[in-house]
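Undergrad: Questions regarding the structure given below will be posed in turn.
Values quoted throughout were computed directly from the atomic coordinates according to the rules given, and no laboratory measurement underlies them. Bear in mind that the values here come from a model prediction, so they are computed numbers and not experimental data. Note: ideal-geometry Cβ built from the backbone for every residue, glycine included; neighbour counts use all protein chains shown.
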Amino acid sequence: MEVTFWGTRGSIPVSGPRYTEFGGNTPCVSVKLTSTHDIVILDSGSGIRELGLELMRTIGEHSGNLHLFLTHAHWDHIQGFPFFVPAFVPSFSLDIYCSKDARDILSRQMSAPFFPVGLDAMGSTKRFHMLNGSGEVRVGNGCIRNIPLPHPQESTAFRVEENGASLVFATDTEHSVNGVNEQLASLAKGTDLLIYDAQYTIEEYEKKRGWGHSTFTEAVRLAEVSGAKKLVLYSHDPTHDDVTLREIEQAAQEMFPNTVAARDGMTIRL
Ligand SMILES: [Zn+2]
């Protein structure tokens with residue numbers, strides 16, 4: 001499978017010369033599977049706009065059947081959806097999976113006076129699916145499992161697995177002060193790629209307990225406990241510029257060498 005990061009920033013998009021290396025779009029990751037031309041998408045932050053343009057440029061190379069999995073409804077994870085061009089195009093279909101009512105969430109975001117047109121202006125075929133933490137979704141030979149994550153209003157972690165390759169997407173979650181999240185460690189067991197919320201430094205976390213985010217040291221701990229092969233630090237804080245993120249990445253690499261801090265546009269093949 002091929003994993004591409006279209007948005008890696010938590011909370012709010014950022015831009016400007018201090019953010020050119022890591023980028024400033026909010027969460028969106030696409031996964032191209034090898035067994036199908038359908039596309040798996042994780043979250044619809046502002047990064048999904050660029051993904052949409054790429055999917056329009058490459059019509060014919062994919063099926064047009066898109067499977068969007070939403071971790072939760074916080075604004076930075078859905079704000080790109082109204083600007084996702086394929087959703088307006090009748091030849092595309094979207095299966096949208098969420099542990100909450102995604103139709104209601106996306107409709108409310110596109111209601112007056114916040115947005116000029118509603119969800120019904122989007123011409124693609126849309127099907128909404130409720131997730132409940134058990135069971136699995138099949139896409140081609142791929143299998144997507146989910147579990148709830150501790151976070152204000154709760155988030156969802158996903159494991160995408162296909163033909164022996166796997167990734168875990170676990171963003172917007174606060175670690176337990178009593179050790180690792182056992183359920184998440186179990187979901188991430190032996191995964192090739194662990195993408196984890198590393199929004200704060202340890203010092204910042206001390207001032208932001210209960211805000212629902214984690215640290216790069218907890219990312220390393222989870223990677224070690226779960227036996228993940230590669231760690232991606234994700235959900236960068238909007239105050240962290242390129243210099244800060246390079247320092248965080250280096251500090252994490254000293255503890256877990258196969259670590260990279262996510263960058264908008266980065267692709268990893270598994
Ligand atoms: Zn959140």
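Undergrad: Just want the ordering: Tyr196, Tyr234, Tyr97, from fewest to most Cβ atoms lying within 10 Å of their own Cβ.
TA: Exposure proxy ranking, most exposed first: Tyr97, Tyr234, Tyr196.
Undergrad: What whole-number volume per residue, in cubic angstrom, does the convex hull of the C-alpha atoms of the stretch 135-270 give?
TA: In the stretch 135-270, the Cα hull volume divided by residue count equals 114 Å³.
Undergrad: Any idea what the alpha-carbon Rg over 2.2 N^0.38 Å comes to for the chain?
TA: Relative to the rule-of-thumb radius for its length, the chain sits at 0.94.
Undergrad: In debye, nearest 20, what is the charge dipole magnitude of the chain about its Cα centre with +1 on Lys and Arg Cβ and -1 on Asp and Glu Cβ, if you could check?
TA: 520 debye
Undergrad: Check each of the GluC sites (Glu not before Pro) in the stretch 48-121 and keep only those in coil by DSSP with at most 16 other C-beta atoms within 10 angstrom; list them in order.
TA: Here the GluC sites (Glu not before Pro) that fit, given the DSSP loop and packing criteria, are Glu61.
Undergrad: So what's the projected area for the stretch 1-106, the Cα convex hull averaged over all directions, in nm²?
TA: Taking a quarter of the hull surface, the average projection is 6.9 nm².
Undergrad: Taking the Cα-to-Cβ direction at Ile202 and at Glu247 and moving 7 Å from each Cα, how far apart do the two end points lie in nm?
TA: According to this spin-label approximation, the distance is 1.5 nm.
Undergrad: For the stretch 123-170, go through all pairs of different Cα atoms, get the mean of 1/r, take its inverse, and jot down that Kirkwood value in Å.
TA: 12.1 Å is the Kirkwood radius here.
Undergrad: Another one. Each label point is 7 Å from the Cα along the Cα-to-Cβ direction; what then is the distance between the points at Asn178 and Thr267, in nm?
TA: It is 4.5 nm.
Undergrad: Tell me, rounded to the nearest percent, the portion of alpha carbon pairs in the stretch 166-217 spaced more than 15 Å apart.
TA: Details: 606 of 1326 pairs.
Summing the P(r) tail past 15 Å for the stretch 166-217 gives 46 percent.
Undergrad: Related question: Where does the stretch 93-155 land on the Kirkwood hydrodynamic radius, alpha-carbon pairs, in angstrom?
TA: It works out to 13.6 Å.
Undergrad: Separate question: Among bridges DSSP assigns within the chain, what percent are antiparallel (round to 5)?
TA: Around 50 percent antiparallel, to the nearest 5.
Undergrad: Moving on to the next point. Taking only the alpha carbons of the stretch 1-55, what extent do you get along each of the three principal axes, in Å, biggest first?
TA: If we take the Cα atoms of the stretch 1-55, the spans are 39, 18, 18 Å.
Undergrad: Also, quick follow-up: Around Ser166, which amide H atoms from residues at least 5 apart in sequence, or from another chain, sit under 5 Å from its own amide H, with H modelled in the peptide plane?
TA: Amide H neighbours of Ser166: Asp192, Leu193.
Undergrad: Per the Kirkwood formula on distinct C-alpha pairs, the Rh of the stretch 183-263 is how many angstrom?
TA: Every distinct Cα pair counted, the radius reaches 12.6 Å.
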